[in-house]
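Novice: Supplied in structure tokens, the structure appears directly below.
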Amino acid sequence: MAADQGAHHDQDHGHAHDHASAADDVVPGYFEIMETAVRELLVEKHLIGPGEIRRQIEVLDSRTPALGAKVVARAWVDAGFRARLLANGRAACEELGISFYDDTGLMVLENTDKVHNLIVCTLCSCYPRPVLGLPPDWYKLKPYRARAVVEPRAVLAEFGTIIPDDVEIRVSDSTAQVRYLVLPERPAGTETFGEEQLAALVTRDAMIGVVPVIVPGSSP
Amino acid sequence: MISKEELMRRLPTDFGGLPAGRIERVEHELEPWEKRCHALADVLDFHKIINTEEKRRGVEALGSELIGSSELLRALDRRFCQYSVRKIDPHPGPACPQDGRGRRTPSAKSGGREIARCG
Amino acid sequence: MTTATPAPTPFAPIVEAEGEAPAFAPGERVRISMRFPVGHYRVPHYIRGKSAVIETIIAPPAVNNEEEGFGRNAGSKRHYYRIAIPLSEIWAGYAGSPKDGLRIEVYETWLERI
């Protein structure tokens, strides 16, 4: 079965659906074929259903930083929600209809004028996927993972973020079932902004903790 | 004082505190087959065929020369295949196709894309 | 005439399963064991042997994730703890603020009371 699929790919290299990318070479790579082989074998053995991968891709596609931004904006405008979010991040996200498809918990880390939070996974690439989507490459690569727990201030400076010395930096290293999301400080000058406007300001990198939330065009 | 032997037990993925250079703010749009790999790992997890820790252990077992190289995702995919096949069928035949059909191996285009798959 | 309602009989004291009650409480000082197991682990090298303070107990108790890595998803459940360690405690000559700290989750079997 898998071999047939491979032969099919040989001849049908013009089709986009199973190939790396249009810009890539015509023949699918070895590992792409491997993924196909495993998937087909599992379906054939009735260990997974035929549509499950496709469905999970849709789940993953629906998880983007826009979800996290919505959570942050709600916490900025609703003090009760904020308190519930800080007490149990996962339950509060579920209130907003953001389901968690895995067994992870979520702890939301509040930035204040006294504490700045930063998240990392030094051992692998743990990340709050249900609420932010998949992590960027730099988060998974060695320099960030090696240095965030050693010299967070230098790491932040590489992102253009300078934290004053009287502000405590807390680096959270995910090693178990809990994932983290940073609740950035609400920037000044947004007092009249509605929730959607506020959410539009919140970037993925702010929820990792490497940059603050800023109002574009305002002075730093 | 940590002995040399103890130092050798350090996993190749245990990066905290190791010397490292500048953070290159690289990102890339996931290719469809990469998305399928992530989705496959999640689905395997849902079915308890392979759990998060086994995925992590899979990455660790790949060896330090692979970690951080463009070969990681590819080797990882092969490892998933091995683990899944072993659980489905403890005495597998040639279930995973061997490369030998003249396929071009994935190019250096994806160099630096380390995917430490876990959660 | 009133009849006193008898007080409900209290339950006999329950016996908790092994590991069901957390061994440590927030605020307690602990030390991460100086152990170097071969193979899969979830306690990074850089914190081995360091002193820490328990910040939060993670509930509910869970399976040891180091065992889970070998497909052993069962067994007595214990707690994970979110612990706090000053970065100056981890790195000699830490150049940032003395207030800067690490937070990390560690399984109960890796912690010792000090």
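The values are calculated or read from the model by the stated rules, or taken from the named source; none is laboratory data. As the structure is a prediction and not an experimental result, all values here were calculated from the model. Because the Cβ atoms are built from the backbone with ideal geometry, glycine has one as well, and the counts that use them run over all protein chains shown.
Novice: Being of a type in the set (Gly, Ala, Ser) and within 22 Å of residue A:98 (Cβ to Cβ): is that true of residue A:125 here?
Specialist: Yes; evaluated as a whole, the condition is true for this residue.
Novice: Related question: Which condition number does residue A:103 fail, the rest of (1) in a loop (DSSP other than H, G, I, E, B); (2) buried (at least 18 other Cβ atoms within 10 Å of the Cβ) being met?
Specialist: Here residue A:103 meets the rest and fails (2).
Novice: If you take just the helices (runs of 4 or more DSSP H) that sit entirely in the range A:32-90, which of them hold at least 1 residues that are within 14 Å of chain B (Cβ to nearest Cβ) and of a type in the set (S, T, N, Q)?
Specialist: A:52-61
Novice: Given the structure, is residue B:19 surrounded by fewer than 19 Cβ atoms within 10 Å (Cβ to Cβ) and at pLDDT 90 or above?
Specialist: Considered against the rule, which asks whether it is surrounded by fewer than 19 Cβ atoms within 10 Å (Cβ to Cβ) and at pLDDT 90 or above, residue B:19 comes out as yes.
Novice: Can you name every residue in the range A:84-133 that is touching a Gly at 6+ places or on another chain (Cβ under 7 Å) and of a type in the set (Ser, Thr, Tyr)?
Specialist: Within the range A:84-133, A:104, A:122 qualify.
Novice: For the range A:107-143, how many residues meet the condition of being within 12 Å of chain B (Cβ to nearest Cβ) and among the aliphatic types (A, V, I, L, M)?
Specialist: Of the residues in the range A:107-143, 4 are within 12 Å of chain B (Cβ to nearest Cβ) and among the aliphatic types (A, V, I, L, M).
Novice: Check residue A:177 against each of (1) modelled with pLDDT of 95 or more; (2) within 21 Å of the chain's Cα centre (by Cα) and name the one condition it does not meet.
Specialist: (1)
Novice: Okay, next question. Residues being farther than 12 Å from residue A:108 by Cα and touching a Ser or Thr at 6+ places or on another chain (Cβ under 9 Å): count how many of those fall in the range A:74-98.
Specialist: 1
Novice: Which of the following residues is touching a residue at least 24 places away in the same chain (Cβ under 8 Å), in contact with a Lys or Arg (Cβ under 7 Å, 6 or more places away or on another chain) and surrounded by fewer than 23 Cβ atoms within 10 Å (Cβ to Cβ): A:120, A:115?
Specialist: A:115
Novice: Let me ask something else. Based on what the data block shows, is residue C:49 at pLDDT 95 or above, surrounded by fewer than 17 Cβ atoms within 10 Å (Cβ to Cβ) and within 13 Å of chain B (Cβ to nearest Cβ)?
Specialist: Considered against the rule, which asks whether it is at pLDDT 95 or above, surrounded by fewer than 17 Cβ atoms within 10 Å (Cβ to Cβ) and within 13 Å of chain B (Cβ to nearest Cβ), residue C:49 comes out as yes.
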